[in-house]
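Beneath this line is the structure, given in structure tokens, with notes to follow.
The values are calculated or read from the model by the stated rules, or taken from the named source; none is laboratory data. Quantities reported herein were computed from a predicted structural model and do not represent experimental measurements. With ideal geometry, Cβ positions are generated from the backbone for all residues, glycine too; neighbour counts draw on all protein chains shown.
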Amino acid sequence: MNARKQYFVTVDTEDIREMSIPDSGIEYEIYADADEIKEVEMLFMEKRKKGKQAVEYIGKPFDEWGADDKRNKYDEYLVRIYQKVYDLGTSTTKEKIAEIGLLN
């Protein structure tokens, strides 16, 4: 098993750093091993892909067929990211995410 290290995750910019950078957005402190970091990176990648697919419908305002499904997939990955960060997070991180009210 890999050793867990401290990381700081900024969900909106999809940054994962070993050092906190103040004023870089809302950071969440987590402790994760290399495999867990790869999992968060994969979730970010999937969220980007789903976001691009959802944005395709902006240029087609009267063609909403399938748009909700694409938006829901994007939302699903966003929730999965917050759940993973919550699971790996410190007590402060868990409090911050709980305040958002995104997770059940």
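Tabulated data
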item: Selection within the stretch 81-104 - buried (at least 16 other Cβ atoms within 10 Å of the Cβ) and under 17 Å from V40 (Cα atoms); result: I81, Y82, K84, V85, Y86, L88, G89, T93, K94, I97
item: Filtered residues of the stretch 5-34 (kept if of a type in the set (G, A, S) and out of contact with any helix residue (DSSP H, G or I) (no Cβ under 6 Å at 6 or more places or on another chain)); result: S20, S24, G25, A34
item: Qualifying helices (runs of 4 or more DSSP H) (wholly inside the stretch 3-104; at least 1 residues being at pLDDT below 90); result: 34-55, 67-88
